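The structure appears below as structure tokens.
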Amino acid sequence: MLRGLYTAAAGMISEQRRHDTITNNIANINSPGFKQGNSLSRSFPEMLISTIRGGQGASTAPLGRMSLGVFAEENISIHTQGDLQETQNPFDFALVSNIQLPGMTFDATGKYVGPDGTRTFQPQALFTVLNENGEQRYSLNGKFTVDTTGQLVNANGNQVVGRDGQPLLLMDGAGQPIRSFKVTDKGEFLDSNGLPLLNAAGQPIGLMLSRAENPNLLLREGNGMLRINPGDEATVTQVAVGDQVEVRQGFIERSNVDSAQSMVDMMSAARAYEANQKVIQSYDKSMDKAANEVGRV
């Protein structure tokens, strides 16, 4: 069969997936805390092409290497800090995270490449929430509210987790939801007098902030929710004292999608898709001639 036909088809599939990734970025440009994704492509394993010389004691002579196209290997997220937008809503929160590791300087994409070529990604801080099954999930969307039971929840009704690992309850002694409070840059809740709010056990309440050592291990689950595979749970811990993480009350973190660059990338993907399509059409015409004209002679 014609190798170029399969190469062009593989290119079309890869560009289609790249286009889908960019479209998803643009669709979530107004989603708080959204991190844009990038589709990475790589070539298929190369093949060594040789010519076979016939006759007695046939031998081969190498001509070179050939690849049979590319494929979309993975979709990774860029975990750079998004811009903060002030809302003046006391139930809106944003995280400013700049966690550093000794001896490493991270680039603009949050990556450090060591002298031996090893890559280390900058840890990221996240809010901790519970899904409908009570399983721990993570999010950067800090648009919260208080439900009728006094629990702090996100826009999807998922409970926000406090430092004690339980749903964060904002209820006063009279059983009424607390509406007036302040939150420090460490995520601690204070009343109108600046005193810590206490839970039923008499302990100060605060947001549980999680630290993902490698944010690329987090998997998108929809609705701004992220999860971690069971085998990688040890890579997510609570934010420690000294970590450069701040909570900003009355702000939300906007998505870090670059709209202008996304439009350029989308047009580039569409043009590459069309180019591969033209190659397939050219092969189709060649095969048509070979079958219906040359074969008729």
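The values are calculated or read from the model by the stated rules, or taken from the named source; none is laboratory data. All values derive from a computational prediction rather than experimental measurement. Cβ atoms come from the backbone with ideal geometry, glycine included; neighbour counts cover every protein chain shown.
Worth a mention:
- Residues that are assigned to a loop (DSSP other than H, G, I, E, B) and in contact with a helix residue (DSSP H, G or I) (Cβ under 7 Å, 6 or more places away or on another chain) were ranked within the range 1-36; the one that is nearest to Lys285 (Cα to Cα) is Leu2.
- Among residues of the range 136-155 being surrounded by fewer than 16 Cβ atoms within 10 Å (Cβ to Cβ) and modelled with pLDDT under 90, the one that is nearest to Ala240 (Cα to Cα) is Ala155.
- Test: residue in the range 45-65 that is hydrophobic (A, V, I, L, M, F, W, C) and touching a residue at least 24 places away in the same chain (Cβ under 8 Å): no
- Any hit, the range 112-135, residues being of a type in the set (Gly, Ala, Ser), modelled with pLDDT under 90 and touching a His at 6+ places or on another chain (Cβ under 8 Å): no
- Given (1) among the small types (Gly, Ala, Ser); (2) exposed (fewer than 12 other Cβ atoms within 10 Å of the Cβ); (3) more than 17 Å from the chain's Cα centre (by Cα), number of the condition Ala94 does not satisfy: (2)
- Checked against (1) surrounded by 12 or more Cβ atoms within 10 Å (Cβ to Cβ); (2) in a helix (DSSP H, G or I); (3) of a type in the set (Gly, Ala, Ser), Ala290 passes all but a single condition, namely (1).
- Top-ranked residue of the range 81-111 - restricted to ones that are acidic (Asp, Glu) and not in a strand (DSSP E or B), ranked as modelled with the lowest pLDDT: Asp107
- The range 39-66, subset touching a strand residue (DSSP E or B) at 6+ places or on another chain (Cβ under 6 Å) and closer than 20 Å to Gln16 by Cα, residue modelled with the highest pLDDT: Ser39
- Flag for Asp116 being assigned by TED's automatic domain parsing to the domain that holds Val96 and closer than 26 Å to Gln85 by Cβ: no
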